[in-house]
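Below is one structure, written out as structure tokens; comments come after it.
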Amino acid sequence: VEKATESTVSKSGFKGVYFRVVEALTLLFPVWLTLLISCALVSPQSFQWLTSEGIILAETDTLQIEIDPFSLTMGIAMLSMGMTVKFSDFGTIVTSREKLVPLILAFLMQFIVTPLIAYAIGFFVPTPTALGMFLLASCPGSQLSNVASFVAGGSLPLSIIMSLTSTIARCFAI
């Protein structure tokens, strides 16, 4: 019986095909982005379905089945990225001094520097805009940062840990 190696597993089977397709789509991300932006500029109504409002799939007197297209697409993106990360990747970030320093710096930047910059810009824009900017700057981190890190080839585990720590800290900071 031949023992499956990591290279044979990655080249065959559903997971291998999936990763090859995702890699090709990721490499073409600027093309997809340009095409989608062009379509949205030409025909904005074609993207109205991608909202956080639920679409009713089925409805009875006692049951309503609803789907949120935005959450569904974000869920697919998060699952795809999560499949590329190993649990051991997170341990190396927490135990590695060279990776822990960027985590701490990013945390401080998110909660101190970003709100200060928004506050400074707030003097030059209308009051409602300044208030919105300051509130957004005070609530750092998002799933989009993980997507951007994945597409740019950055450290996805570091990005996930940064999002996690800022999300937990946000509960106590605001």
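To keep it simple, each residue is scored yes or no on (1) assigned to a helix (DSSP H, G or I); (2) among the hydrophobic types (A, V, I, L, M, F, W, C); (3) out of contact with any helix residue (DSSP H, G or I) (no Cβ under 7 Å at 6 or more places or on another chain); (4) at pLDDT below 80.
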residue	(1), (2), (3), (4)
F107	yes, yes, no, no
F111	yes, yes, no, no
L116	yes, yes, yes, no
A120	yes, yes, yes, no
L131	yes, yes, yes, no
P140	no, no, no, yes
F150	yes, yes, no, yes
L158	yes, yes, no, no
I161	yes, yes, no, no
Lone qualifier among F70, F29 - being at pLDDT below 80, surrounded by 11 or more Cβ atoms within 10 Å (Cβ to Cβ), closer than 18 Å to G154 by Cβ and hydrophobic (A, V, I, L, M, F, W, C): F29
Boolean, A24 is under 23 Å from A148 (Cα atoms), modelled with pLDDT of 80 or more and open to solvent by less than 70 Å² (accessible area, probe 1.4 Å): yes
Any hit, segment 119-129, residues being surrounded by 13 or more Cβ atoms within 10 Å (Cβ to Cβ) and within 17 Å of the chain's Cα centre (by Cα): no
Criterion violated by G153 - all others in (1) within 17 Å of the chain's Cα centre (by Cα); (2) open to solvent by less than 50 Å² (accessible area, probe 1.4 Å) satisfied: (2)
Boolean, D68 is without any contact (Cβ under 8 Å) to a residue 24 or more places away in the chain and closer than 21 Å to T167 by Cβ: yes
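The values are calculated or read from the model by the stated rules, or taken from the named source; none is laboratory data. Predicted model only: the values in this text are computed from it and were never measured. Using ideal geometry, Cβ is built from the backbone for each residue, glycine included, and neighbour counts are taken over all protein chains shown. Just so you know, the surface numbers come from the protein's heavy atoms only, side chains and all, with ligands and any DNA or RNA stripped out. Shrake-Rupley method; radii C 1.70, N 1.55, O 1.52, S 1.80 Å.
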